[in-house]
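The values are calculated or read from the model by the stated rules, or taken from the named source; none is laboratory data. Just so we're clear, the structure is a prediction, and the values are computed from it rather than from any experiment. Counting neighbours? That spans all protein chains shown, and the Cβs are built from the backbone with ideal geometry, glycine included.
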Amino acid sequence: MDEFNTVNAVDYGLIAFYFIAIIWVGIYAARKSRNTDEYFRGGGKIPWVVAGLSNWVSGYSAFMFVAAAGFTYLNGLGAAVIFTSAFWAYLLGYFVYGVRWRRSRIRSPLEFLTKRYSASTTYFYSLTAIIPQIVGIGQGLYILCIFISTALGFSEQDFDLGPVTITGFQLSIILTGIVMVVYSVVGGLWAAVLSDTVQAVIITVMTLVIFPVSFMYLGQGQGFLAGIDRLLAEAPEGYFRLSGDTANPLFLVAYLINVILGYNVGWQIVQRYHSVPDERDTKKMAVLCAVLSVLGPLLWILPVMASRIIFPNIDSLWPSFAVPAEASFVSLALKLLPHGLIGFVVSAILSATLGQANDSFNWLAATLTRDVYAPAREKLTGRPASDRSLLLIARMTMLVVGILGIAVALYIPQFGGAFQFALVFYSLTAAFTMPVALGIIYTRTPWWSGIASCSAAIIVALVLMITDLWGEHAFIRNMLSETVVAAVVFFGSSLWFRESDPRNQSILAFERDLATPALDTGTEQKYEGMKIYALIGRICFVLAGILLACSFLPSTQDAPAILNAAAAGLLFLTGFAAWKASRAVAP
């Protein structure tokens with residue numbers, strides 16, 4: 001029976017420190033969010049490196065370390081094909097989407113729909129997107145708490161709270177959800193990008209440590225290369241070939257479409273492209289994200305493949321899980337990392353998912369505040385809403401959405417494995433992004449084409465789902481049918497486009513925006529944005545100091561405390577680089 005390092009007081013202390021740190025980041029960010037422009041898009045002052053790291057890590061949640069890890073454990077190297085596919089999506093962002101989004105000159109994500117299509121399209125999307133976004137937030141929280149409750153060792157325990165008794169898993173959802181809501185409500189987009197950057201640092205350091213350690217353990221004292229040889233020799237047959245879904249060309253095509261949509265027209269990605277000073281920075285962002293989207297996943301995919309040999313009978317380790325393989329990465333961490341780093345790993349996974357949830361919070365609040373509440377209030381009262389009242393409504397919206405997301409997370413365990421749930425969920429929401437992806441590239445379709453394209457795809461998907469046609473391939477069915485139907489209706493509607501139609505005048509104005517470069521003419525806002533590197537550096541120094549102190553704790557042969565010192569060294573170097581960058585301010 002494998003023995004795991006259970007979370008102790010030191011690990012709890014590090015996790016608690018992280019909770020305090022991200023709330024402090026939110027409070028710090030609140031001072032930068034003096035108006036809705038800064039609250040929703042950072043005032044266009046965020047440095048491209050920070051925005052790029054935030055962009056990258058926003059798709060790097062607990063999903064990767066739980067659901068995707070389970071898929072990797074079961075399917076082997078084929079997982080690398082799909083989980084590094086964001087590389088191609090970001091290349092498309094470099095050549096097409098980044099610059100076009102920056103030139104669109106929108107203040108909130110769904111303002112694009114008003115400029116490109118019509119105000120009615122914005123209302124349509126605003127109302128139809130609320131439920132999918134809340135489900136998405138709940139799904140992310142649910143997956144995160146599989147990791148947290150397992151790592152903390154209380155997933156099977158019950159807690160008597162007086163009127164009700166809840167499980168440890170449910171308690172982790174409630175407590176984590178509360179923290180997620182608090183720092184999202186306080187800080188806005190500045191909170192998102194600042195915490196995302198810290199998350200990117202934490203995740204990178206954590207994976208840089210666990211990658212060599214897992215193969216050295218697998219090598220049984222013979223070194224890293226011996227671990228590689230053992231994996232090659234003992235892995236199941238076909239483990240290094242495409243198999244299962246990864247051997248299905250239709251699955252790969254459907255997954256690539258899903259990734260391209262998610263990483264180019266997802267509203268949180270759009271916000272990042274608008275948060276930097278000019279369109280040249282969007283290209284730098286896209287290149288940074290493309291590189292990280294190859295290197296980052298490989299650092300956890302290969303260790304999870306090693307865990308297939310280290311934990312050959314993982315079903316017996318976690319019998320209560322719907323898919324025990326989804327605990328493969330956390331099992332690896334609990335076995336091979338010392339106390340201190342264990343808390344660090346939990347914090348890393350926690351931080352990544354909180355950042356992803358905050359992105360959803362932010363764009364949904366921006367949409368409901370600017371695109372629904374503000375025009376409705378002005379129409380009813382005859383007066384525009386003040387910036388102060390808009391900020392209040394935005395924060396109240398985030399609070400309500402957060403509470404509903406927690407409720408959804410408590411309900412999701414009734415479904416199967418997290419990976420399959422995520423595939424079906426995202427495939428059903430693909431129709432919402434198709435008119436966005438097509439509309440920013442091709443503009444000669446009438447004002448109603450967005451609603452028509454989206455509605456047709458949703459209807460087809462629902463009919464196929466109700467009739468259970470090709471039910472064994474629901475993800476492929478939904479993605480391909482929605483993509484084809486949405487594209488046919490979208491381009492077919494161009495036959496009805498007339499420049500003389502007054503309702504298409506906003507589209508012609510949007511075309512002019514896309515043809516006009518969005519370049520920053522000065523350096524003041526860039527210098528102001530560079531100052532946030534000082535905060536990032538200070539957080540890295542503090543974390544490095546804590547881990548260095550943890551290197552003196554008692555440890556085991558499998559999980560030596562010296563690993564804490566190694567991680568502390570990486571953090572110190574990162575903090576020093578951030579501090580040096582913060583010195584590049586205007587004299």
Checklist entry - Does the stretch 241-256 include one or more residues that are within 18 Å of the chain's Cα centre (by Cα) and crowded, with 23+ Cβ neighbours inside 10 Å? => result yes
Checklist entry - Which of (1) closer than 18 Å to THR72 by Cβ; (2) modelled with pLDDT of 90 or more; (3) loosely packed, with under 13 Cβ neighbours inside 10 Å is the odd one out, the single condition GLU237 does not satisfy? => result (2)
Checklist entry - What residue, among those in the stretch 65-124 that are of a type in the set (Val, Ile, Thr) and part of a helix (DSSP H, G or I), is nearest to ASN504 (Cα to Cα)? => result THR114
Checklist entry - Given the structure, is ILE459 at pLDDT 80 or above, part of a helix (DSSP H, G or I), over 17 Å from GLY262 (Cβ atoms) and in contact with a Phe, Trp or Tyr (Cβ under 9 Å, 6 or more places away or on another chain)? => result no
Checklist entry - So is ALA509 out of contact with any Ser or Thr (no Cβ under 7 Å at 6 or more places or on another chain), within 12 Å of THR443 (Cα to Cα) and either β-branched (Val, Ile, Thr) or modelled with pLDDT of 90 or more (or both) or not? => result yes
Checklist entry - Does any residue of the stretch 319-326 turn out to be assigned to a helix (DSSP H, G or I), over 19 Å from VAL205 (Cα atoms) and of a type in the set (Val, Ile, Thr)? => result no
Checklist entry - If you check SER33 against the conditions, is it modelled with pLDDT under 65, buried (at least 20 other Cβ atoms within 10 Å of the Cβ), among the polar types (S, T, N, Q) and within 29 Å of PHE329 (Cβ to Cβ)? => result no
Item to check | Test for TYR125: is it of a type in the set (Phe, Trp, Tyr), modelled with pLDDT under 85 and farther than 30 Å from GLY70 by Cβ | outcome: yes
Checklist entry - Is there any pair with a first residue in the stretch 388-409 that is under 17 Å from LEU144 (Cβ atoms) and in contact (Cβ under 8 Å) with a residue 40 or more places away in the chain and a second that is surrounded by 23 or more Cβ atoms within 10 Å (Cβ to Cβ) and of a type in the set (Ser, Thr, Tyr) whose Cβ atoms are under 6 Å apart and which are 6 or more apart or on different chains, and what are they? => result ALA409/TYR142
Checklist entry - When you look at LEU392, is it at pLDDT 75 or above, of a type outside the set (S, T, N, Q) and part of a helix (DSSP H, G or I), yes or no? => result yes
Next on the checklist: Step by step: first the residues of the stretch 366-384, then only those that are among the aliphatic types (A, V, I, L, M) and free of Cβ contacts under 8 Å to residues at least 60 places away in the same chain, then the one that is surrounded by the most Cβ atoms within 10 Å (Cβ to Cβ). Which residue is that?
Outcome noted: ALA374
Next on the checklist: Looking only at residues that are among the hydroxyl-bearing types (Ser, Thr, Tyr) and within 20 Å of the chain's Cα centre (by Cα) in the stretch 160-179, which one is farthest from TYR411 (Cα to Cα)?
Outcome noted: THR176
Checklist entry - Can you spot a residue in the stretch 364-385 that is within 27 Å of the chain's Cα centre (by Cα), modelled with pLDDT under 80 and among the small types (Gly, Ala, Ser)? => result yes
Checklist entry - within 30 Å of ILE301 (Cβ to Cβ), in contact (Cβ under 8 Å) with a residue 60 or more places away in the chain and in a helix (DSSP H, G or I): does that describe ILE130? => result no
Next on the checklist: Can you report the number of residues in the stretch 275-328 which are surrounded by fewer than 20 Cβ atoms within 10 Å (Cβ to Cβ), under 27 Å from PHE240 (Cβ atoms) and of a type in the set (Asp, Glu)?
Outcome noted: 1
Checklist entry - Does LEU519 fit the bill of being surrounded by 14 or more Cβ atoms within 10 Å (Cβ to Cβ) and at pLDDT below 90? => result no
Checklist entry - Restricting the search to the stretch 466-498, which residues are acidic (Asp, Glu) and in contact (Cβ under 8 Å) with a residue 40 or more places away in the chain? => result GLU482
Item to check | Only listed residue being closer than 17 Å to VAL49 by Cα, at pLDDT below 80 and over 13 Å from the mean Cα position of the chain (by Cα), chosen from SER275, SER320, SER347 | outcome: SER275
Checklist outcome for this item: Residues in the stretch 272-286 that are basic (Lys, Arg) and within 10 Å of VAL99 (Cα to Cα) total 2
Checklist entry - Is at least one residue of the stretch 525-539 closer than 30 Å to THR282 by Cα, modelled with pLDDT of 90 or more and of a type outside the set (Val, Ile, Thr)? => result no
